[in-house]
Each structure stands twice: as C-alpha cells, then as structure tokens.
C-alpha cells in the first residue's frame, strides 16, 4: 500500500491534505480515485490508514479511517556521517541507509575529500538529498523521514560527537578493534529500553589520514575496522549501520 508523508499541520483528526509532487503522483502516476486506500503519516507521532476523498489540482484530500501503531523504527538511533564523495554516491548512501533504518545524515568535508564543495549549489543539492530520503522512507515503510543536515567542516563534525552516546569511526587501517567488538559491550551496558544515539563516520574515496583518526579519537570516537576487506566509501556506512542494528536485535541478532 502506498505511503505518503505530510507535515503535522496537514494532518487533522479526521482528514489529511497531500500536496505537491505527492498529489501529482497519486493523480497521474497511481491514477488514484475516490475510495482508494493509502497510508498517511506526519513523520512524527501519527500514522493512519486513509482513503481518498477528493482529488483537486495540486491537492489530494484523504479521510482518516484508522490510526496505526508506529512500530517500524529501530530503538538504536543511527546517524551516518559521510565525507562528501564524488558524483551521486551520497544519494546512494542516503537512499540505502534510510532503508536500513538510519535516522539522520551528516555530509562533511575531510582532508581527502575529492569533490569540490560549492556553497552556492548547496540548497539545490540538499533539496535533492532530502527528496531522495523521503522517497526511500516511504518505500521502506518508515514511520519518520530521516533528517539530512547541511554539510559540515571537519572541526564542526568533531564538535558534534558530544551529542551522541557513541561514535564509531570507520577506519580502514584499524587492525585491532573491529566494529562488533566495540558495539557489543556498548549495547550490553545500555539500559533495555534506552534509545541509544549513535553516529557512524565514513570517509571519502581516499580514506582518512592518521591525523584525522587521532583527532576523531581525541574528540570521543572509537576507531573501528569493518573486516579484512576494503569497502568503497559509499558501502562502509551501510555495512556499519546494518551491523549495529543486527547486534541490537533489530535484524534478528542478539
């Protein structure tokens, strides 16, 4: 069943209003008609089974039939920090990590970032990233749309580590502590019902420098490896997020 996110202001006790591209999608692509059922969510605390009441130019009005439980979100809240990669790789990271269960994305600049970051183009790129994130959240039946932040500089990224319960810094030269060995004891110490807030940090095509690794550890991150094979920059965050959720029992793990 198709799922659409609306703003809390568009979600009323008995009706909801779907506008913009979603309204066009319902009318033109799905060829929706009065009586068709769909799921509508405000992306915060309300989700409902609804049916189309009317289709007007630019807006679809639906009637709320039944409120639904919001049970599709993981207890562990993972934010993926990704050094800006070339081409459309970040779009892949956002799409796939949204499907996996990440709740946020922080693009950032590091020493070996290859892409030339242009602040003048930031708003358009950010808009596209957020649209991709929303579409992936709908496809994956998420209860929320993950937040995609504006890109940060390296120092601001390090400063943000203090906002998380744990930060796992994916470093391809880490030969000692592997991700599972770091995550397992942290999860064991976490109270059963506590929503742990985690950041996973993945580097650019050229990886992180030793100096960046030391700076990340000094800021509170734990440097971890992801196995004996070298992963592409757009793969590391996905693997780390999936492993953490598996270890937490979200995907049939512990």
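The values are calculated or read from the model by the stated rules, or taken from the named source; none is laboratory data. A quick note: this is a predicted structure, and the numbers were derived from the prediction, not measured. Cβ sites come from the backbone with ideal geometry, for glycine too, and all protein chains shown count toward neighbours.
Yes/no matrix, rows are residues, columns are (1) buried (at least 16 other Cβ atoms within 10 Å of the Cβ); (2) closer than 24 Å to residue 99 by Cβ; (3) more than 21 Å from the chain's Cα centre (by Cα):
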{"site": "126", "(1), (2), (3)": "no, yes, no"}
{"site": "130", "(1), (2), (3)": "yes, yes, no"}
{"site": "134", "(1), (2), (3)": "yes, yes, no"}
{"site": "144", "(1), (2), (3)": "yes, yes, no"}
{"site": "173", "(1), (2), (3)": "no, no, yes"}
{"site": "176", "(1), (2), (3)": "no, no, yes"}
{"site": "181", "(1), (2), (3)": "no, no, yes"}
{"site": "218", "(1), (2), (3)": "no, no, yes"}
Meets criteria (assigned to a helix (DSSP H, G or I) and in contact (Cβ under 8 Å) with a residue 60 or more places away in the chain) for residue 126: no
Qualifying residue in region 89-102 (condition: within 26 Å of residue 155 (Cα to Cα), in contact (Cβ under 8 Å) with a residue 24 or more places away in the chain, within 20 Å of the chain's Cα centre (by Cα) and not in a helix (DSSP H, G or I)): yes
Failed item in (1) part of a loop (DSSP other than H, G, I, E, B); (2) closer than 23 Å to residue 95 by Cα; (3) assigned by TED's automatic domain parsing to the domain that holds residue 113, with residue 252 passing the rest: (3)
Checking residue 251 against (1) touching a residue at least 24 places away in the same chain (Cβ under 8 Å); (2) under 21 Å from the mean Cα position of the chain (by Cα), the condition it does not meet: (1)
Tally of residues being over 16 Å from residue 199 (Cα atoms) and touching a strand residue (DSSP E or B) at 6+ places or on another chain (Cβ under 9 Å) across region 215-232: 2
Checklist (1) surrounded by fewer than 19 Cβ atoms within 10 Å (Cβ to Cβ); (2) not in a loop (DSSP other than H, G, I, E, B) applied to residue 195, failing item: (2)
